[in-house]
Amino acid sequence: YNREFIPTWTLHINKYVTPHEGRFDEIVHEDILTMTFQVYEKDLPKFERIAKRKKYQNLLIFNWGIWDGVASFEISLKIATKGHALKYLKELYGIEDECTIAFGDGPNDVSMLEDAYEGVTMCNSREYILKQGKIFTFLSNNEDGIIDYLRKVHPDMWEK
């Protein structure tokens with residue numbers, strides 16, 4: 001983020017990325033897929049009031065955290081999730097449910113973890129993400145947790 005340009009955000013409308021400045025409630029519209037932006041911590045109550053308006057009920061809002069007094073958010077349509085993408089790819093390529101494994105560690109991964117046959121939560125996930133998981137890695141992202149998990153749980157994938 002850049003403190004000099006707050007509030008600012010980036011919109012992903014179809015394949016285009018457009019930076020914007022100004023009021024959140026004046027720019028959000030139906031064609032949005034995802035949007036990331038920053039809000040001063042002192043302005044969070046006002047942002048939350050706006051975000052809870054009925055006209056925004058089709059949006060998912062992820063708070064990535066607060067750094068140096070600035071909160072970072074990602075907003076997307078409820079259908080623009082990793083879970084929705086996984087369902088689309090399974091249908092497009094005729095992939096059986098039993099052949100899907102997903103790994104995730106953040107709030108934007110939850111729908112994908114739920115929709116995969118084997119949704120694996122990384123052990124370094126935030127606590128509330130860990131509570132939702134049923135299957136976990138033994139190592140973190142930085143320790144090659146995905147490879148370690150696949151070697152231990154699916155050794156047949158490594159046979160030549």
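State the number of residues belonging to region 17-59 that are surrounded by 12 or more Cβ atoms within 10 Å (Cβ to Cβ), in contact with an Asp or Glu (Cβ under 8 Å, 6 or more places away or on another chain) and modelled with pLDDT of 80 or more. Residues flagged as surrounded by 12 or more Cβ atoms within 10 Å (Cβ to Cβ), in contact with an Asp or Glu (Cβ under 8 Å, 6 or more places away or on another chain) and modelled with pLDDT of 80 or more within region 17-59 amount to 1. Pairs are defined by a Cβ separation below 6 Å, a sequence spacing of at least 6 or placement on different chains, a first member in region 38-65 that is farther than 13 Å from SER76 by Cβ, and a second member that is charged (D, E, K, R); the pairs so defined are ILE50/ASP25. Please tell me if SER125 is hydroxyl-bearing (Ser, Thr, Tyr), touching a residue at least 12 places away in the same chain (Cβ under 8 Å) and within 21 Å of HIS84 (Cβ to Cβ). Against the criterion (hydroxyl-bearing (Ser, Thr, Tyr), touching a residue at least 12 places away in the same chain (Cβ under 8 Å) and within 21 Å of HIS84 (Cβ to Cβ)), SER125 qualifies.
The values are calculated or read from the model by the stated rules, or taken from the named source; none is laboratory data. Everything quoted here is computed from the prediction, not taken from an experiment. Cβ coordinates were reconstructed from backbone atoms using ideal geometry, including for glycine residues, and neighbour counts include every protein chain displayed.
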